[in-house]
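See structure below.
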Amino acid sequence: MRLTRGNVLILWLNARQKAEASRLLMTDQPFHLRTTAVHAGRRGLRGLVVHAPPIDLSTTYPLPDPHEAESILDDWAAGSRSAANPIYVRVFNPTVARFEEAIAALEGTTDAVAFASGMAALSAVLLATRERGGHVVAVRPLYGTSDHLLDSKLLGVDVSWAHPHDIASAIKTDTALIILETPQNPTLGLVDIAAVVGQAGMVSVLVDNTFATPVLQRPARLGASLVLHSATKFIGGHGDAVGGVVACGEDWARPLRQIRFATGGILHPFAAYLLHRSIPTLPLRVEAAQATAAEIANRLSRHPAVLRVLYPGFDSCFSDLRRNQMTGPGSLLTIDLGSAALARHFVTSVELALHAVSLGTFDTLVEVPSSLTHRIVDPAVLAGSGISDGLVRISIGLEAVEDLWSDFDQALAEDR
Ligand SMILES: *Cc1c(COP(=O)(O)O)cnc(C)c1O
């Protein structure tokens, strides 16, 4: 039994189910995002007479015809999205494929390639740039470990750091990729994606969309070639699964699958199941946390102990970018308390909120970037990006706004 290329799960479906599935889920479907979030990656479940997607934990697969196995393996080695047999867990997994299909549908790309973590996803992208020239232009600030991975030359990538307005002049003949994050971590400044794409010319642009999620921002629509997520954050949302994913077109997906196959940074099927399970509630979680964050940001901006509130809704670019780029400011905010001691006092005084790294979980997390998530970044770079010791990053969760406010207020008001 041969698969139609691109319809990976068709193997288990009959003709009527195939027709139903392709009606239900095409990448360029006409549904609203909430509907896509509910139904994406659920192809063929009715035909299987199940409601929850099956978790396939196979590490190997029966190969009835040895001759056919050879040509299937060749297909996979060439980076195909589908072939007649998964062969081996590092090559393909149907549970992971459902998650990838859902992310591609949400981001509006033809493909998505999932990895063991956000960093495994970024590593694969950086390896893929090597045969396209290997030079990368990146905009600071980035997630601390992303900055470190690029700056340390751990993967041998040649990087130039550039301001969003100077992208064009940083591009060289061997530039393969431009990397940016918006909203930025942890300063929450915004980068105009379309403006960077405009300067990039033929060079692909990667947007780390972890903070915004496809609910608030769909970079592929603005011309980005690659959209990266740490699915560990909002997409998973429950703090119990780690994963990364790159939404992109076939041109990048093929080498990414080849690299994943050869380097082994695969997403575990159980994690893929959990991440996929969280997608139907992603829009609701993002919108609810955002409403609370907007209120808390307003109140914090009037609090005498808070010097500054960094929040995309307060960014002078936000009203301009709101039309095309972001549908809302999200649920992350950063406050400036003026000193490392006051920042430390705040994160140890909160009782409802939790002092921890990560973000986008159902509960509120606080951390001091300069001493935790961005500790790995060169101090001069931190200073240049405005990441001072008094900053506290807050990822607002799903608690009631008044309970959170009481917690923050007591943590700020305590005798210091
Ligand atoms: C967490 C994070 C990453 C790295 O993802 P992991 O899943 O932790 O490997 C990359 N970018 C951003 C913006 C992140 O928040």
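Listed by position, the helices (runs of 4 or more DSSP H) enclosed by the stretch 81-154 that each have at least 1 residues that are out of contact with any Lys or Arg (no Cβ under 6 Å at 6 or more places or on another chain) and away from the ligand (no atom under 16 Å from the Cβ) are 94-107, 118-129.
Please pick out the residue among Ser71, Ser22, Ser58 that is under 24 Å from Arg221 (Cα atoms), surrounded by fewer than 16 Cβ atoms within 10 Å (Cβ to Cβ) and either at pLDDT below 90 or among the hydroxyl-bearing types (Ser, Thr, Tyr) (or both).
On the way: Ser71 fails: under 24 Å from Arg221 (Cα atoms); Ser58 fails: under 24 Å from Arg221 (Cα atoms).
Every option except Ser22 fails the conditions.
Condition check: surrounded by fewer than 21 Cβ atoms within 10 Å (Cβ to Cβ) and touching a Ser or Thr at 6+ places or on another chain (Cβ under 8 Å). Does Gly249 satisfy that? It would help to see each step written out before you state the result.
Details: surrounded by fewer than 21 Cβ atoms within 10 Å (Cβ to Cβ): yes; touching a Ser or Thr at 6+ places or on another chain (Cβ under 8 Å): yes.
Here the answer is yes, as Gly249 does meet what is asked.
Which of the residues spanning the stretch 333-373 are among the aromatic types (Phe, Trp, Tyr) and part of a helix (DSSP H, G or I)?
Just the residues of the stretch 333-373 that are among the aromatic types (Phe, Trp, Tyr), to begin with: 346, 362.
Phe346 - this is the single residue of the stretch 333-373 that is among the aromatic types (Phe, Trp, Tyr) and part of a helix (DSSP H, G or I).
Return the residues of the stretch 392-416 that are surrounded by 14 or more Cβ atoms within 10 Å (Cβ to Cβ) and either of a type in the set (D, E, K, R) or under 23 Å from the mean Cα position of the chain (by Cα) (or both); say none if nothing qualifies.
Of the stretch 392-416, the ones surrounded by 14 or more Cβ atoms within 10 Å (Cβ to Cβ) are 392-399, 401, 404-405, 407-409, 411-412.
Answer for the stretch 392-416, where residues must be surrounded by 14 or more Cβ atoms within 10 Å (Cβ to Cβ) and either of a type in the set (D, E, K, R) or under 23 Å from the mean Cα position of the chain (by Cα) (or both): Val392, Arg393, Ile394, Ser395, Ile396, Gly397, Leu398, Glu399, Asp407, Asp409.
Evaluating Gly386 against the criteria (1) at pLDDT 95 or above; (2) part of a loop (DSSP other than H, G, I, E, B) leaves one unmet condition, (1). Leu180 satisfies every condition listed in (1) touching a Phe, Trp or Tyr at 6+ places or on another chain (Cβ under 9 Å); (2) modelled with pLDDT of 95 or more except (1). Residues that are within 16 Å of the chain's Cα centre (by Cα) and touching a residue at least 60 places away in the same chain (Cβ under 8 Å) number at least 3 in the following helices (runs of 4 or more DSSP H) confined to the stretch 202-321: 213-216, 269-278, 282-301. Quick one: how many residues across the stretch 173-193 are surrounded by fewer than 22 Cβ atoms within 10 Å (Cβ to Cβ), within 25 Å of Leu127 (Cβ to Cβ) and touching a Ser or Thr at 6+ places or on another chain (Cβ under 7 Å)? The total comes to 2. Can you name every residue in the stretch 166-207 that is away from the ligand (no atom under 16 Å from the Cβ) and either aromatic (Phe, Trp, Tyr) or under 30 Å from Leu337 (Cα atoms) (or both)? Asp192, the sole residue that qualifies.
The residue that is nearest to Ala271 (Cα to Cα), among those in the stretch 75-95 that are aromatic (Phe, Trp, Tyr) and in contact (Cβ under 8 Å) with a residue 60 or more places away in the chain, is Phe92.
The sole residue among Thr348, Thr327 that is hydroxyl-bearing (Ser, Thr, Tyr) and either touching a residue at least 60 places away in the same chain (Cβ under 8 Å) or within 16 Å of the ligand (Cβ to nearest atom) (or both) is Thr327.
Let's see how each residue does on (1) among the hydroxyl-bearing types (Ser, Thr, Tyr); (2) more than 15 Å from the chain's Cα centre (by Cα):
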residue	(1), (2)
Glu107	no, no
Ser117	yes, no
Leu127	no, yes
Leu142	no, no
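Candidates Leu282, Leu359: the one that is modelled with pLDDT of 95 or more and in contact with a Leu (Cβ under 7 Å, 6 or more places away or on another chain) is Leu359.
The values are calculated or read from the model by the stated rules, or taken from the named source; none is laboratory data. Since this is a predicted model, take the numbers as computed values, not measurements. When we count neighbours, we look across all protein chains shown, and the Cβ atoms used for this are built from the backbone with ideal geometry, even at glycine.
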